[in-house]
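Below is one structure, written out as C-alpha cells, with a few remarks after it.
Coordinate-derived values only; no laboratory data. Computed from a predicted model, the values in this text were never measured in an experiment. We place every Cβ from the backbone using ideal geometry, glycine too, and count neighbours over all the protein chains shown.
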Amino acid sequence: MTKPKSGKRSKQPPAVAAEVGVALEAIAAAAPQARLDAGARTTVLLEPGLEVKDVEQVRQGLLDALSRGSAITVDVSRVGAIDTAGIQLLLALQNEAANRGISLEICGESAPLTQAAMVLGMREKIRIVTRRD
C-alpha cells in the first residue's frame, strides 16, 4: 500500500462520490419543510419517510418549529412509510407542545400512519385533524 505524496489529496473514486451524493440527497429529502404562515402559525410538511432512519432529521426540524413559539400545523399527508419510531416522535411532539403551551395540529390523511397507529394501539392518542378545503 503506498501513501499519497504529501501536499496532494487523494480523490474519492467516482462510485464513492456518487454514493455520498445520493446519501446527501436522502438526508435533504427526509428533512421536514417548515414555513411561517401569515397568521403566525408554523406549518411543517413531513416528507414520505418517517421511519427510524429518518427520525433524527425530522425531530430536529420539529424542534426548530417548536422553538419559534408559535402555533404549529404538521401536515402528514405525504407520509408513506412510518414505523414505531415515527409514531413515538409524533406522540413526543404532542406532549412537548402541550408542555410549552403551544397549539399543535396534526393534519392530513396518511393510510400508513393510521395503520401503524392502530397496530401499536396509539390511534386514539395521536390527534389527527382531517381537513376538507
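When the stretch 99-133 is examined, which residues are found to be among the charged types (D, E, K, R), surrounded by fewer than 15 Cβ atoms within 10 Å (Cβ to Cβ) and free of Cβ contacts under 8 Å to residues at least 24 places away in the same chain? Quick ask: steps written out before the conclusion?
So in the stretch 99-133, the residues among the charged types (D, E, K, R) come out as 100, 105, 109, 123-125, 127, 131-133.
Retained after the next criterion (residues that are surrounded by fewer than 15 Cβ atoms within 10 Å (Cβ to Cβ)): 100, 109, 124-125, 127, 131-133.
Passing the criteria: GLU124, ARG132, ASP133.
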Open item on the list: Just the residues that are aliphatic (A, V, I, L, M), loosely packed, with under 15 Cβ neighbours inside 10 Å and more than 13 Å from ARG127 (Cα to Cα), please, taken from the stretch 58-98.
Closed with: LEU63
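Within the stretch 94-133, can you find the residues that are small (Gly, Ala, Ser) and either in contact with a Gly (Cβ under 8 Å, 6 or more places away or on another chain) or closer than 17 Å to GLY80 by Cα (or both)?
The first filter runs over the stretch 94-133 and keeps only residues small (Gly, Ala, Ser), leaving 97-98, 101, 103, 108, 110-111, 116-117, 121.
GLY108, SER110, ALA111, ALA116, ALA117, listed by residue number.
Can you find, within the stretch 37-52, the residue that is farthest from THR130 (Cα to Cα) among those that are of a type outside the set (A, V, I, L, M) and surrounded by 14 or more Cβ atoms within 10 Å (Cβ to Cβ)?
Filtering the stretch 37-52 down to residues of a type outside the set (A, V, I, L, M) leaves 37, 39, 41-43, 47-49, 51.
Still in the running and surrounded by 14 or more Cβ atoms within 10 Å (Cβ to Cβ): 41-43, 47-49, 51.
Working: ARG41: 18, THR42: 18, THR43: 15, GLU47: 18, PRO48: 18, GLY49: 20, GLU51: 22 Å.
By that ranking, first place goes to GLU51.
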